[in-house]
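The values are calculated or read from the model by the stated rules, or taken from the named source; none is laboratory data. Just so it is clear, the structure is predicted and the values come from calculations on it, not from any experiment. Methodologically, a virtual Cβ is constructed for each residue, glycine included, from the backbone with ideal geometry; neighbour enumeration extends over all protein chains shown.
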Amino acid sequence: MELSDIESDLTSVLYTEEQIHAKIAEVARQVEVDYEGRDPLLVGVLKGAVMVMADFSRELKMSAAMDWMAVSSYGSGTKSSGVVRILKDLDTDLHGRDVIIVEDIIDSGLTLSWLLDNLRTRGAASVEIFALLRKPEAAKVQVDVKYVGFEIPNDFVVGYGLDFDERYRNLRGVGVLAPHVYS
Ligand code: XMP
Ligand code: MG
């Protein structure tokens, strides 16, 4: 499939690569101030957060360790089940660590609220969240997110790590997936 075919599966582009990078730089400047003199551990949530983690971690002008978790709350569909399973756990001991969870998107909030509770029981000194995108209208539980990139409408979005059935992650921007693709 050509890139132009993939892009025609979008009804609109919400954010371009440039807009995303500018936002990530903004958040990085804030994190540098908030974590000055500390040694944060970035925890990326696979697979959606891969692009955010790659750009955010390299934008940070401070040492930051990195680890990954894979959890599943979605099948190949577009609705959250609320059931979270750990598919891959962290390799790092969290005792005394300042953890920043790096996420692509908060939809219902179910995944992150579960993850927050889970990581807090492991003895971390602090656990905060950076989510590139948040859908306020989709919230089923309130999650305290310290760093949010963009608030977006309640549409299914893809690109910049976000997939539908493992496709579209490699789009450089974020766009709304056309309903004809998944219905
Ligand atoms: P919840 O509903 O638990 O969802 O906050 C968290 C996870 O669901 C995925 N998700 C999406 N993936 N486009 C996607 O490609 C979307 O619009 C979308 N909404 C939720 C995502 O993996 C997120 O971490
Ligand atoms: Mg995700």
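Among residues of region 91-121 being over 18 Å from V141 (Cβ atoms) and among the aliphatic types (A, V, I, L, M), the one that is nearest to ligand 2 (Cβ to nearest atom) is V102. The lone criterion from (1) surrounded by fewer than 16 Cβ atoms within 10 Å (Cβ to Cβ); (2) assigned to a strand (DSSP E or B) left unmet by W68 is number (1).
Restricting region 90-112 to residues that are within 19 Å of D34 (Cβ to Cβ) and more than 16 Å from ligand 1 (Cβ to nearest atom) leaves a set whose member that is surrounded by the most Cβ atoms within 10 Å (Cβ to Cβ) is V99.
Would it be correct to say that Y147 is crowded, with 17+ Cβ neighbours inside 10 Å and not acidic (D, E)?
Yes, satisfied.
Among the criteria (1) closer than 20 Å to E59 by Cα; (2) within 14 Å of ligand 2 (Cβ to nearest atom); (3) in contact (Cβ under 8 Å) with a residue 60 or more places away in the chain, the one D163 does not fulfil is (1). Scan region 52-72 and tell me whether some residue there is within 19 Å of F164 (Cα to Cα) and in contact (Cβ under 8 Å) with a residue 40 or more places away in the chain. Yes, the conditions are met somewhere in region 52-72.
Considering region 120-183, the qualifying strands (runs of 3 or more DSSP E), each wholly inside and each with 1 or more residues that are under 29 Å from H95 (Cβ atoms), run over 126-134, 147-151.
Residues in region 7-31 that are among the charged types (D, E, K, R) and exposed (fewer than 14 other Cβ atoms within 10 Å of the Cβ): E18, E26, R29.
Considering (1) outside any loop (DSSP other than H, G, I, E, B); (2) within 13 Å of ligand 1 (Cβ to nearest atom); (3) of a type outside the set (S, T, Y), the lone condition that G48 does not fulfil carries the number (1).
Being outside any helix (DSSP H, G or I), touching a strand residue (DSSP E or B) at 6+ places or on another chain (Cβ under 9 Å) and more than 15 Å from ligand 2 (Cβ to nearest atom) is the filter here, so list the residues in region 23-45 that pass it. Before the answer, list the steps.
Taking region 23-45 first, the residues outside any helix (DSSP H, G or I) are 35-45.
Subsequent filtering for residues that are touching a strand residue (DSSP E or B) at 6+ places or on another chain (Cβ under 9 Å) retains 35, 38-45.
Passing the criteria: Y35, R38, D39, P40, L41.
Condition test on E103, is it at pLDDT 95 or above and in contact with a Lys or Arg (Cβ under 6 Å, 6 or more places away or on another chain)? It is false that E103 is at pLDDT 95 or above and in contact with a Lys or Arg (Cβ under 6 Å, 6 or more places away or on another chain).
Given the structure, is L133 aliphatic (A, V, I, L, M), in contact with a Phe, Trp or Tyr (Cβ under 6 Å, 6 or more places away or on another chain) and either closer than 19 Å to I20 by Cα or within 14 Å of ligand 2 (Cβ to nearest atom) (or both)? Spelling it out, L133 is indeed aliphatic (A, V, I, L, M), in contact with a Phe, Trp or Tyr (Cβ under 6 Å, 6 or more places away or on another chain) and either closer than 19 Å to I20 by Cα or within 14 Å of ligand 2 (Cβ to nearest atom) (or both). Considering only region 4-17, I want to know if a residue exists there that is at pLDDT 95 or above, in a helix (DSSP H, G or I) and within 16 Å of the chain's Cα centre (by Cα). Within region 4-17, one or more residues are at pLDDT 95 or above, in a helix (DSSP H, G or I) and within 16 Å of the chain's Cα centre (by Cα).
If you check G37, G48, G44 for being on the phi > 0 side of the Ramachandran plot and of a type outside the set (F, W, Y), only one passes: G37.
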